[in-house]
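Asks: Following this message is one structure expressed as structure tokens.
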Amino acid sequence: MQDKLNAFGQLLEIMDELRQKCPWDREQTFESLRKLTIEETYELGDAILQADMDEIKKELGDLLLHIVFYAKIGEEKNAFNIEDVILSLNEKLIYRHPHIYGEVNVNNSREVEQNWETLKLKEKGRKKKTVLEGVPASLPALVKANRIQEKASGVGFDWEHPGQVWDKVKEEVDELQHEINVIDEDKIEAEFGDLFFALVNAARLYKIDPEAALERTNLKFMKRFNYLESQTLKKGIDLKKMPLAEMDKYWEEAKKME
């Protein structure tokens with residue numbers, strides 16, 4: 001443990017020095033770091049999907065740097081420092097785990113999640129007490145849909161059995177098909193949204209991260225398509241002029257190579 005504390009202490013000392021001596025680090029603000037933090041988070045997500053442990057380690061370091069950076073700026077503003085950040089986190093973790101640090105009994109992780117959401121609404125000093133207030137407005141739509149559903153589920157608004165969600169998915173498919181048949185573009189878009197939302201719900205109920213699942217498919221498609229394109233380049237063929245049947249042949253080759 002002492003080695004870990006020493007390493008963290010060295011990081012704080014480095015941040016103090018960088019903030020004093022490096023022109024770039026000295027100029028950074030909460031606002032200027034925000035977009036970089038988002039980028040680092042996505043890079044960590046990529047590393048996790050690739051199961052690249054070395055990259056995960058590096059990206060976690062980058063995110064930790066940002067946390068320390070924000071805390072340093074907060075300290076300069078006499079608003080908070082890294083100790084305040086950690087103590088606040090410690091207090092929250094203890095409060096939201098009464099089954100560990102209190103006398104509450106739980107039977108499974110589902111009950112832990114429900115307790116977590118209930119306790120969040122009861123925390124002292126919260127300006128609002130609504131279930132969905134913690135969902136950031138700037139989240140990508142797919143991630144946001146998943147978080148909305150997780151939070152609603154945390155207070156009991158959910159299907160009794162996962163299999164029930166498929167009736168809702170089928171209902172949304174039928175409604176979408178109806179709007180397509182009558183060619184109402186506004187309603188078609190709305191029904192596509194409802195269908196996506198229902199599919200995200202299904203993914204959650206079956207413990208699948210919809211964002212990760214879709215990204216895996218994106219990467220798989222890109223890999224196959226890049227193979228298809230590479231074969232046409234080798235033969236000097238214009239991809240736009242290649243018959244679809246020929247494309248399918250290379251696509252199937254790419255699938256067999258996975």
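The values are calculated or read from the model by the stated rules, or taken from the named source; none is laboratory data. Treat the numbers as computed from the prediction; the structure is a model and nothing was measured. Heads up, the Cβs are rebuilt from the backbone with ideal geometry, glycines too, and the neighbour counts pull from every protein chain shown. Accessible surface is based on the protein model in full, side chains and every heavy atom, while ligands, DNA and RNA are left aside. Shrake-Rupley method; radii C 1.70, N 1.55, O 1.52, S 1.80 Å.
Asks: Tell me, please, whether a residue that is open to solvent by 70 Å² or more (accessible area, probe 1.4 Å), within 30 Å of Tyr42 (Cα to Cα), more than 20 Å from the chain's Cα centre (by Cα) and not basic (Lys, Arg) can be found in region 181-201. Step through it out loud before you land on a result.
Replies: Filtering region 181-201 for residues open to solvent by 70 Å² or more (accessible area, probe 1.4 Å) gives 181-183, 185-187, 189, 192, 196-197, 199.
Retained after the next criterion (residues that are within 30 Å of Tyr42 (Cα to Cα)): 189, 192, 196-197, 199.
Next, only the ones that are more than 20 Å from the chain's Cα centre (by Cα) stay: 189, 192.
With not basic (Lys, Arg) added as a condition, the list becomes 189, 192.
Yes, region 181-201 contains a residue that is open to solvent by 70 Å² or more (accessible area, probe 1.4 Å), within 30 Å of Tyr42 (Cα to Cα), more than 20 Å from the chain's Cα centre (by Cα) and not basic (Lys, Arg).
Asks: Taking region 207-237 as the region of interest, how many residues are open to solvent by 50 Å² or more (accessible area, probe 1.4 Å) and closer than 24 Å to Gln177 by Cβ?
Replies: Number satisfying all stated conditions: 2.
Asks: Identify all residues within region 78-89 that are within 20 Å of Leu64 (Cα to Cα) and either free of Cβ contacts under 8 Å to residues at least 60 places away in the same chain or within 23 Å of the chain's Cα centre (by Cα) (or both); write none if there are none. Break it down stepwise before answering.
Replies: Residues of region 78-89 that are within 20 Å of Leu64 (Cα to Cα), as a first pass: 79-89.
Passing the criteria: Ala79, Phe80, Asn81, Glu83, Asp84, Val85, Ile86, Leu87, Ser88, Leu89.
Asks: Now for a separate question. Between a residue in region 90-103 that is within 17 Å of Gln114 (Cβ to Cβ) and any residue that is assigned to a loop (DSSP other than H, G, I, E, B) and open to solvent by 80 Å² or more (accessible area, probe 1.4 Å), which pairs come within a Cβ distance under 9 Å, given they are 6 or more apart or on different chains?
Replies: These pairs meet every condition: His99/Asn105.
Asks: How do the pairs read when you match residues in region 225-248 that are of a type in the set (Val, Ile, Thr) with residues anywhere that are outside any helix (DSSP H, G or I), using Cβ under 9 Å and keeping only pairs 6 or more apart or on different chains?
Replies: Once the first residue is of a type in the set (Val, Ile, Thr) and sits in region 225-248, its partners that are outside any helix (DSSP H, G or I) give Thr232/Asp238; Thr232/Met242.
Asks: I need the helices (runs of 4 or more DSSP H) fully contained in region 37-122, keeping only those with at least 1 residues that are among the hydroxyl-bearing types (Ser, Thr, Tyr), open to solvent by 70 Å² or more (accessible area, probe 1.4 Å) and more than 23 Å from Asp209 (Cβ to Cβ). Talk me through it step by step, then tell me what you get.
Replies: Working: elements: 53-76, 82-95, 98-101, 109-122.
Where helices (runs of 4 or more DSSP H) fall fully within region 37-122 and carry at least 1 residues being among the hydroxyl-bearing types (Ser, Thr, Tyr), open to solvent by 70 Å² or more (accessible area, probe 1.4 Å) and more than 23 Å from Asp209 (Cβ to Cβ), they are 82-95, 98-101.
Asks: Hey, among the residues in region 126-137 that are modelled with pLDDT under 85 and open to solvent by 80 Å² or more (accessible area, probe 1.4 Å), which one's farthest from Asn201 (Cα to Cα)?
Replies: Only one residue tops the list, namely Lys127.
Asks: Here is a follow-up. Determine whether region 151-163 contains at least one residue that is polar (S, T, N, Q), within 26 Å of Glu215 (Cα to Cα), surrounded by 11 or more Cβ atoms within 10 Å (Cβ to Cβ) and touching a helix residue (DSSP H, G or I) at 6+ places or on another chain (Cβ under 6 Å).
Replies: No: zero hits.
Asks: May I ask you to say which residue of Gly45, Gly102, Gly74, Gly61 is of a type outside the set (S, T, N, Q) and more than 27 Å from the chain's Cα centre (by Cα)? Step through it out loud before you land on a result.
Replies: On the way: Gly45 fails: more than 27 Å from the chain's Cα centre (by Cα); Gly74 fails: more than 27 Å from the chain's Cα centre (by Cα); Gly61 fails: more than 27 Å from the chain's Cα centre (by Cα).
Just a single option satisfies the conditions, and that option is Gly102.
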